[in-house]
Amino acid sequence: MTTLRRSFLSLWALCLAITLIPSHAEVIHEFVTIDYEWPNSTARAQSLANGDYAPKTGVVSGIQVYKGSYHYLSFFGEHDVPYTTIFVTVPRTQAVKGIPSGLNTVVKDANGKSVLRPYPNWAAQKIGDCSALQLPMSMAIDPNTGYLYVIDIGRVGISSPNPANLCPAKLVVYDTVGGGSTILSYEFPDSVVSRTTNYLNDIVIDYVNPEGTGGVKYAYMTDTLTRSLVVYDFAHNKSWAYKDPVSMGTDDDVDITIHGIRYRMDVGINGIAMSPTFNYLYYSSVGSKKLYQVPTWVLRTPGNDFVSNTRLVGSKKSQGGGMVFGHKGLFFGALEYDAVYRWDIEADIKSQRVLEGEVVMKTQVPVAQNWQTMQWTDALSLDNESNLYFTTNRLQKFVTNKMDFDGGEGANFRIFKYNVHDKSYLSPPSPFDGPEVVIG
């Protein structure tokens, strides 16, 4: 009887443990093609007719998430109501026309369909107006202020035979708490970011210290085409760039195999991530598995010896694009595995008994994987409540004109969310467990 009772209790405990672990990452938004929250049906029809809106010309790419709250008074007293805003970009890379809005929030329409709402408004998306956004690619958000930092390439249709070099590249900062007002719009000089050849791709912001006192001091951006790392200094309103053809270029891993098909991705420096110590910046190319590290003290002053201070940390499980640091690990897409992986840097520092500037990338664990729904993890974002968000967009099919926009293969673009027990590097650190492994 005792043996039977123990066996039953063991089985019950196992079943309980299984039910407590999510069986799959949560898809919170998905799209076969991109559609918008239009002012009215006439506006949509006109945009379709004149080519300003062509549903098969864009993909959901960059993502950032802001968790805020608004305060109000009622008969029952004062209240703080939490809200979540998801920002995404739809880059105008393949054609000059067809994407009416590049920077958006994601909302549900009256029928429960996920659509995009231009941010901060339609006027801010006008092609040819250099005060508006031309090709916003990526963003970073400050969880302490709600400021959204957006990089605008300024060029449109950059992957087409006839790109339009309409405007200078710029960095734009919006106050998302204050209704989307513009805090800063900085145009990069041509000597730092070329008006005719740049492809500003990813951005992180730098507090300088983990406490975040004084707010954001610097922004770091990758320029994929010119293979350079761009720095903007907020205090002095100036910018500069560093280049290294080795660490910012491609290598023998330029070919990526996805579902048995090889794709040549001669794409240089792309994803970047800031460590929670703010002592090091990490970066990698799409056409390489190598992950590099450079001290931030090098970046914060122009003219330093960048190449001599750059260090190869190790090789990622697979090539990837975006990545993001939490307080305990680096999350990144693994394109050949249709997965998200995590580098447990804290475990490696402890086991190797070294400092961050000496650690070797060893402990890489899968966090989420699905052969169908997670093809080409593009961008990742951690909020201040331990949730990881990321976009998948089958980009390998899009760039080779093999994307099924008729729905035969299901949704092409998805936004995933799940709790990984790790917060954004910009959030104050707190005790937490290791991340869950989510397969499916």
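Looking only at segment 212-244, filter to residues that are under 29 Å from D266 (Cα atoms) and assigned to a loop (DSSP other than H, G, I, E, B); which one of those is nearest to the chain's Cα centre (by Cα)?
Only one residue tops the list, namely T224.
Counting just the residues of segment 259-286 that are within 14 Å of G333 (Cβ to Cβ) and of a type in the set (G, A, S), which one comes out nearest to the chain's Cα centre (by Cα)?
Ranking the qualifying residues of segment 259-286, first place goes to G271.
Output the residue which, of all residues in segment 259-277 that are more than 23 Å from F390 (Cβ to Cβ) and touching an Asp or Glu at 6+ places or on another chain (Cβ under 8 Å), is surrounded by the most Cβ atoms within 10 Å (Cβ to Cβ).
T277
Given the criteria on the phi < 0 side of the Ramachandran plot, in contact (Cβ under 8 Å) with a residue 60 or more places away in the chain and polar (S, T, N, Q), does T310 qualify?
yes
Going by what's in this entry, would Y174 be described as buried (at least 22 other Cβ atoms within 10 Å of the Cβ) and in contact with a Gly (Cβ under 6 Å, 6 or more places away or on another chain)?
When the stated conditions are applied, Y174 passes them.
Need a quick list: strands (runs of 3 or more DSSP E) entirely within segment 267-306 having at least 3 residues that are modelled with pLDDT under 95.
Values: elements: 269-274, 280-285, 290-295.
Because the criterion is at least 3 residues that are modelled with pLDDT under 95, no strands (runs of 3 or more DSSP E) in segment 267-306 meet it.
Do you know which of the residues in segment 369-403 that are of a type in the set (V, I, T) and over 23 Å from G326 (Cα atoms) is surrounded by the most Cβ atoms within 10 Å (Cβ to Cβ)?
It comes out as T373.
Mind telling me which of the residues S239, S247 ends up being crowded, with 23+ Cβ neighbours inside 10 Å, modelled with pLDDT of 95 or more, over 17 Å from V324 (Cα atoms) and among the hydroxyl-bearing types (S, T, Y)?
S247
Please verify whether S61 is at pLDDT below 95, in a loop (DSSP other than H, G, I, E, B) and small (G, A, S), treating the condition exactly as stated.
no
Residues of segment 352-403 being acidic (D, E) and in a loop (DSSP other than H, G, I, E, B), which ones?
E356, E358, D383, E385
On the basis of being surrounded by fewer than 19 Cβ atoms within 10 Å (Cβ to Cβ), farther than 19 Å from A123 by Cβ and not charged (D, E, K, R), does T145 make the cut?
Details: surrounded by fewer than 19 Cβ atoms within 10 Å (Cβ to Cβ): yes; farther than 19 Å from A123 by Cβ: yes; not charged (D, E, K, R): yes.
Taking the combined requirement at face value, the residue satisfies it.
Is there a residue being modelled with pLDDT of 95 or more, within 28 Å of E211 (Cα to Cα), buried (at least 22 other Cβ atoms within 10 Å of the Cβ) and not acidic (D, E) anywhere in segment 347-358?
Filtering segment 347-358 for residues modelled with pLDDT of 95 or more gives 347-358.
The next check asks that each one be within 28 Å of E211 (Cα to Cα); those that pass are 347-358.
Right, trim to buried (at least 22 other Cβ atoms within 10 Å of the Cβ) and you get none.
No: zero hits.
If K350 satisfies every condition in (1) under 26 Å from P428 (Cβ atoms); (2) of a type in the set (K, R); (3) touching a Lys or Arg at 6+ places or on another chain (Cβ under 8 Å) but one, which is the exception?
All conditions pass for K350, except number (3).
Going by the conditions given, is T182 modelled with pLDDT under 95 and surrounded by fewer than 22 Cβ atoms within 10 Å (Cβ to Cβ)?
For T182, the condition - modelled with pLDDT under 95 and surrounded by fewer than 22 Cβ atoms within 10 Å (Cβ to Cβ) - is not met.
Report yes if some residue within segment 432-439 is modelled with pLDDT under 95, charged (D, E, K, R), under 20 Å from P143 (Cβ atoms) and outside any helix (DSSP H, G or I); otherwise report no.
no
Please go through segment 185-225 and pick out each residue that is modelled with pLDDT of 95 or more, of a type in the set (G, A, S) and either touching a helix residue (DSSP H, G or I) at 6+ places or on another chain (Cβ under 9 Å) or surrounded by 14 or more Cβ atoms within 10 Å (Cβ to Cβ) (or both).
Answer for segment 185-225, where residues must be modelled with pLDDT of 95 or more, of a type in the set (G, A, S) and either touching a helix residue (DSSP H, G or I) at 6+ places or on another chain (Cβ under 9 Å) or surrounded by 14 or more Cβ atoms within 10 Å (Cβ to Cβ) (or both): S185, S194, A219.
The values are calculated or read from the model by the stated rules, or taken from the named source; none is laboratory data. Remember, it's a predicted structure, so these values are computed and weren't measured experimentally. Positions of Cβ are backbone-derived with ideal geometry, glycine not excepted, and every protein chain shown enters the neighbour counts.
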